[in-house]
Amino acid sequence: MDCMDCRSGGNETGEECGPVTITLEPPEGSRVDRTGGDCTHPVLMRAITVRPGKANSAQLEEVAEPPLSDGALLIRARALGVCGTDHEIVSGEYGWAPAGEERLVLGHESLGTVERAPDGCGFAIGDLVVGIVRRPDPVPCPACAAGEWDMCRNGRYTERGIKQRHGYGGERYRLEPEFAVKVDPALGLLGVLLEPASILAKAWDQTERIGHRTGTWRPRILLVTGAGPIGLLAALFGVQRGLEVHVLDRVSEGSKPGLVRALGAIYHAGELQSIDGLAPDIIMECTGAPSLVSAVLGRSACCGVVCLTGVSAGGGLLELDTGGLNRTMVLQNHAVFGTVNANRAHYRTAADALAKADRGWLEGLISRRVPLERWHEALERRPDDIKVVVEFA
Ligand code: BGC
């Protein structure tokens, strides 16, 4: 049988079926299977890919159209956020390709438009959506079975663009309807902030659950360390809860101090010692910098909660007065916990928080927008960067 795409002079996405260079294996369920024909022309699209474990292997290349087995919704990418995890993957320190493949389509902070949706799936063509990052492990563990894949117990979860599943850094991708989240169309490109905001929605959910281990806990003061995208979003959530919010960062220049003040929060430039007198009920550590992580332990008010959100590189040894720290934490009922990823409920909470936030302020978080053609610039770290976003045409 002829290739349906070639006979009609183009495929379902309107692209020509010319001579092609296939740089990734056409995955199972690709265009070939859908036409039912024996032609082996997969539909191609551009995607940012990496070879996990190999530094500086990122490329913009032509890859096969996402397979139907990735989900019934076909999404046209609009924007892709870049975060510290992407930098780690690009530098070869993190990330895994899907089983049997060498390269991974990068990207987990997505925003796209629904291009195809089966009837009755809850999504319509044109909907603005974000894809959930994690998929439950196949066992599944009790947490994944309950939809809490963010708390996966056996580590066999997968993550789009990070761990064994292609990401959202291609011109098109597919999503299972249950792993797609609708975004308020009024947010437009700002919807790309939903995934990082979901990380904070979970962090706040867990912080509050832990804090309420005593029925009299009424947090008043929040300290956020780090004024990157995660820190600034942590501060936004704190302000939305009516807390007195303090943000500490190293820099005294650039847009960070202004963004913090625009929230009605207090900005501190320098070291933690500069705010010695402050007794925060909640500390959200958003840098992952080992020296700051050790400095925030034991620094909360009595019955306080310290929430660790940053992923650090291991290996550095720091001196710590473990006995003194233990004494403070025990005698003052301190809690310290780590948090990663987010489940569906957190994405919904995050969508509400973004919808309530000031648009101009959210705009300020996106410090650079880079067209797909100049994708490599998005992977460079520049001094004034907050959130860098790749824009798709
Ligand atoms: C992502 C999370 C993910 C984590 C670990 C973060 O950058 O936002 O969704 O779970 O990396 O892979």
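Counting only residues that are in contact with a strand residue (DSSP E or B) (Cβ under 8 Å, 6 or more places away or on another chain), touching a residue at least 12 places away in the same chain (Cβ under 8 Å) and more than 29 Å from Gly314 (Cα to Cα), how many does segment 252-266 have? Going through segment 252-266 one residue at a time, the tally reaches 7. Here Val296, Val311 are screened, and the one residue that is crowded, with 16+ Cβ neighbours inside 10 Å and on the phi < 0 side of the Ramachandran plot is Val296.
Filtered by the rule that a residue be closer than 16 Å to Ile221 by Cβ and not small (Gly, Ala, Ser), segment 270-292 gives Leu272, Ile275, Asp276, Leu278, Pro280, Asp281, Ile282, Ile283, Met284, Glu285. Inspection of segment 219-228 finds a residue satisfying the criterion of being farther than 17 Å from Val260 by Cβ and more than 15 Å from the ligand (Cβ to nearest atom).
Just one of the listed residues (Arg76, Arg103) is crowded, with 20+ Cβ neighbours inside 10 Å and basic (Lys, Arg), namely Arg103.
So for segment 152-174 (the condition being among the aliphatic types (A, V, I, L, M), outside any helix (DSSP H, G or I) and away from the ligand (no atom under 15 Å from the Cβ)), does at least one residue qualify? Can you show your working first?
Taking segment 152-174 as the starting set, the residues that turn out to be among the aliphatic types (A, V, I, L, M) are 162.
So of that shortlist, the ones also outside any helix (DSSP H, G or I) come out as 162.
Cutting the leftovers down to away from the ligand (no atom under 15 Å from the Cβ) gives us none.
No, the conditions are met nowhere in segment 152-174.
Picking from residues in segment 206-217 that are more than 15 Å from the ligand (Cβ to nearest atom) and touching a residue at least 12 places away in the same chain (Cβ under 8 Å), the one that is surrounded by the most Cβ atoms within 10 Å (Cβ to Cβ) is Thr207.
Taking the listed residues Leu223, Leu190, Leu175, the one that is under 30 Å from Gln273 (Cβ atoms), at pLDDT 95 or above and aliphatic (A, V, I, L, M) is Leu223, with no other qualifying. If only residues of segment 133-151 that are assigned to a loop (DSSP other than H, G, I, E, B) and within 16 Å of the ligand (Cβ to nearest atom) are counted, the one that is nearest to the chain's Cα centre (by Cα) is Val133.
When segment 75-98 is filtered for residues that are farther than 21 Å from Met45 by Cα, small (Gly, Ala, Ser) and in contact (Cβ under 8 Å) with a residue 60 or more places away in the chain, the ones remaining, listed by number, are Gly84, Gly95.
For the condition surrounded by fewer than 18 Cβ atoms within 10 Å (Cβ to Cβ) and either within 19 Å of Gly95 (Cα to Cα) or at pLDDT 95 or above (or both), Arg135 does not qualify. Residues that are within 16 Å of the ligand (Cβ to nearest atom) number at least 2 in the following helices (runs of 4 or more DSSP H) confined to segment 268-364: 344-356.
Checked against the criterion of being surrounded by fewer than 23 Cβ atoms within 10 Å (Cβ to Cβ), within 16 Å of the ligand (Cβ to nearest atom) and in a strand (DSSP E or B), the candidates Val130, Val114, Val181 yield just one match: Val181. Listed by first and then second residue, the pairs with beta-carbon distance under 9 Å, at least 6 apart or on different chains, first residue in segment 118-133 and free of Cβ contacts under 8 Å to residues at least 40 places away in the same chain, second assigned to a loop (DSSP other than H, G, I, E, B), are Ala124/Ala117; Ile125/Ala117. Residues that are of a type outside the set (D, E, K, R) and exposed (fewer than 10 other Cβ atoms within 10 Å of the Cβ) within segment 314-324 comprise Gly314, Gly315, Gly316, Leu317, Leu318, Thr322, Gly323, listed in sequence order.
The values are calculated or read from the model by the stated rules, or taken from the named source; none is laboratory data. Just so it is clear, the structure is predicted and the values come from calculations on it, not from any experiment. Cβ atoms come from the backbone with ideal geometry, glycine included; neighbour counts cover every protein chain shown.
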